[in-house]
1. Kindly state, to the nearest 0.05, the FRET efficiency for Met125 paired with Ser239, given R0 = 41 Å and r defined as their beta-carbon distance.
2. Please give the length that would be gained between Val113 and Asp42 if that part of the chain were fully extended, namely 0.36 nm times their separation in residues minus their C-alpha to C-alpha distance (nm, one decimal).
3. Keeping all protein chains in the complex and leaving out DNA, RNA and ligands, what accessible area do you get for Thr265 with a 1.4 Å probe, in Å² to the nearest 10?
4. Give the residue list of trypsin sites (Lys or Arg not before Pro) in region 59-150 that are DSSP loop and have at most 14 other beta-carbon atoms within 10 angstrom.
5. Heavy atoms only, probe 1.4 angstrom, no DNA, RNA or ligands counted: give me Glu198, Glu153 ranked by accessible area, highest first.
6. Would you kindly state how much longer the chain becomes between Val190 and Thr176 on full extension, computed as 0.36 nm times their sequence separation minus their alpha carbon distance, in nm to one decimal?
7. Given the protein chains as shown and a 1.4 Å probe, how many square angstrom of His35 are accessible, to the nearest 10?
Amino acid sequence: MDISPPPLPGQDDCAISSRTASGGRGEASLDLNSHILVVDDDPEIRTLLEEFLGSHGYSVSGAANGVEMDARLAERPFDLAVIDVMMPGEDGLSILRRLRATIRMPVIMLSAVGSDIDRIIGLEMGADDYLAKPCNPRELLARIRVALRRAREAESLAAGPAVPQERAVYQFEGWTIDMDERLLIDPDDVLISLTDGEFRLLRAFVLRPRRVLSRDQLLDYSAGSDTESYDRAIDVQISRLRRKLHHGRSGDIIRTVRSEGYLFTSQVRRAPGTE
């Protein structure tokens with residue numbers, strides 16, 4: 001199973017650092033506060049998955065079978081499990097059945113048997129997603145992000161309505177962004193049209209100005225139900241945002257930091273009356 005991410009075509013600005021591309025821990029400082037459990041009897045695949053997911057900021061623990069999985073679960077809770085279907089002894093579907101009786105964390109199944117019937121059985125038994133092996137590691141990463149996001153949204157709904165917050169309106173270099181109304185006004189008081197993805201991305205920058213944000217951080221900070229969870233999607237949206245935010249400026253408000261990510265260069269403050 002090839003775990004190294006596929007090369008991305010395009011500009012130098014989009015290049016991945018050699019440590020990250022090789023599956024190392026080039027972005028280990030990214031803390032997504034999520035702990036993932038990988039259950040697979042193949043030690044090589046298990047190690048590769050642990051290293052790949054770890055390089056994208058997740059805490060990862062491995063287990064070779066159901067017995068080891070039970071021991072890991074007894075030590076601490078997990079936010080998501082990736083489980084191989086075809087394992088000697090207790091197979092992945094049996095493990096899934098046991099988990100669903102007591103634990104509600106998202107589960108993604110991996111199987112060398114990728115028929116529609118097997119996938120349907122896995123989903124009907126409670127799996128949140130099902131991928132055929134060998135799979136593109138970037139696709140697995142995207143599926144994990146979606147499953148974790150859905151779990152967070154479900155927890156938020158279960159917790160009841162949020163406490164009303166102060167109106168969030170921010171200003172930078174003559175621009176005004178209203179987070180509640182989802183509006184962007186340029187320095188000439190003209191309303192600028194943004195797609196949902198562009199607005200979420202700009203919101204992520206405005207709330208974290210003058211900080212270098214990696215593509216993975218931006219993917220998670222700006223995640224929505226329709227988000228394309230790939231580095232290239234972020235690059236495309238940033239290119240569009242730059243054009244819309246240019247407004248006669250000599251430089252970009254969103255600056256590329258080579259091999260690290262992007263930096264929102266403007267100073268941001270709360271609009272008067274909303275502080």
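1. Efficiency computed from Cβ-Cβ geometry: 0.45.
2. Value of the extension gain: 24.0 nm.
3. Accessible area of Thr265: about 40 Å².
4. Of the trypsin sites (Lys or Arg not before Pro), the ones in loops of region 59-150 whose Cβ has at most 14 other Cβ atoms within 10 Å are Arg104.
5. I get Glu153, Glu198, largest accessible area first.
6. Value of the extension gain: 4.0 nm.
7. 20
The values are calculated or read from the model by the stated rules, or taken from the named source; none is laboratory data. Quick caveat: nothing in here was measured; it's all calculated off a predicted structure. Here the Cβ is made from the backbone with ideal geometry for all residues, glycine too, and neighbour counts use every protein chain on show. Please note that ligands, DNA and RNA were not included when accessible areas were found on the heavy atoms of the full protein model with its side chains. Shrake-Rupley method; radii C 1.70, N 1.55, O 1.52, S 1.80 Å.
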